[in-house]
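Report on the structure given below.
We did not get these values from a lab; they are worked out from the coordinates using the rules stated. No experiment lies behind these values; they were computed from the predicted model shown. Note: ideal-geometry Cβ built from the backbone for every residue, glycine included; neighbour counts use all protein chains shown.
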Amino acid sequence: MYAHPIIVGYDASEGAKAAFRWALDEATRTGTQVTLLFAFEWPAVPSTVAPTATSWPDQGAREDAQKILDAAILDAFQTHPRVLVTGTVADGPAAVLLRERSREARLLVLGSRGHGGFTGLLVGSTTVAVSAHAHCPVAVVRELPSTAD
């Protein structure tokens, strides 16, 4: 039943939260598992000891990322108790990891914007890179504009 999950790129941004909500609704309709992928890329700093970052330099950062996923999964259980949700923290560039994971996905769901610095763009660079080269269908979800009182 869960051979090909819906994979959600998740970084706790408003765009990722909107994508996750959309994916949960789709999973409810289709009886599909949802897998959150939190990709974390450490900047590679060349040195004589190690030419690139090969592990998490701060175990606390990995634990914080896992806590973010755990909180999202708990929230999902409250709103969509019939959907099986799992989460993975992975080392590496988000675009590369998401494209690779799309090989095993039924659907890849991304927010239109993440935590990137160019807020004026319609979609973020990871979303563009992944949607152009994914191995499965991709849904790009825009967050709803906030309503001011």
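I want the local charge near G92. Using Cβ-Cβ distances under 10 Å, sum +1 for each Lys or Arg and -1 for each Asp or Glu among the other residues.
Charge balance in the 10 Å sphere: -3.
Charge tally for F20 (other residues, Cβ to Cβ under 12 Å; Lys, Arg +1; Asp, Glu -1): -4.
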